[in-house]
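The block underneath contains the structure these notes are about, expressed in structure tokens.
We did not get these values from a lab; they are worked out from the coordinates using the rules stated. Since the structure is predicted, the reported quantities are computational estimates derived from the model, not experimental observations. Methodologically, a virtual Cβ is constructed for each residue, glycine included, from the backbone with ideal geometry; neighbour enumeration extends over all protein chains shown.
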Amino acid sequence: MQRSRAFRRSVVPAALALGLVLGAAGAAAAHVEVDSSTAQALAVDAQVAFSAEGESSTAGIADVKVVLPGGLAPADVTLVKAPEGWALTPTADGYAVAGPALAPGAAAEWTVKVRQLPNTDSLVFKTLVDYSDGHTDRWIELPQNGGKPEHPAPTLALRPAAPGATPLAGATPSAGASAPASAPASASASVAASAPASPSAPPSVAAAAPKDGADGTGDGTSTTAVVLGSVAGVAVLGTLVALVLRRRKSPSA
């Protein structure tokens, strides 16, 4: 009986700990993914598929904003497939896909066609996922010092270009092309606006210290006065203590 109780006492906490670990792993698994069967540098008309998992149980995904990496411009991207009623709109630095809000928990999946992929080894697509209740998930973080970010930006690895592959005529060198006046706000602007401002540096000790002289150098007069006053106070106190001790030692009259 004692062994059975001891076994239960050891197994129950272990099971609870395992459940917490699995629950945390499930929560961390939710993110935006990108994939392509033609993930090769300089590939022409490459189809790139995205999937943004719905993380809210009360609100659905209403739109997604994507920042295009260097070497791609909004004009290079066209929509191939998206949720029913959704459409693609170019932005200043990428594109947005939006439409009727999806059901809570449902993933937003869409595919775009890229005129030509850049000649590089990977592409990072910083992504903002907006929900119908106004909440935004920002998948924009990059690995730092070998660690895994909490909200990683979706990244597509590219195979080396095929032999003889060359850039198309008129290919866009960067993603800095201007967007039409009716384009929605850029995702990168939203990313920059959401970055916390750096705290102000506290004032230095030297700056906060009072100055003796008008020129800030000090003439030493106030310091000397303080020292002399302290010495005098100690001398007076010593004299009083000596008198008290002497009276206690003397016989009563």
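Computed quantities for the displayed model
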item	result
Residue check for V48: among the β-branched types (V, I, T), buried (at least 19 other Cβ atoms within 10 Å of the Cβ), farther than 18 Å from L168 by Cβ and touching a residue at least 40 places away in the same chain (Cβ under 8 Å)	no
So P104, is it within 21 Å of A41 (Cα to Cα), surrounded by 12 or more Cβ atoms within 10 Å (Cβ to Cβ), touching a Gly at 6+ places or on another chain (Cβ under 6 Å) and not aliphatic (A, V, I, L, M)	no
Residue within region 66-73 that is small (G, A, S), touching a Gly at 6+ places or on another chain (Cβ under 8 Å) and part of a loop (DSSP other than H, G, I, E, B) present	yes
Test result for A161, within 17 Å of H31 (Cα to Cα), outside any strand (DSSP E or B) and in contact (Cβ under 8 Å) with a residue 24 or more places away in the chain	no
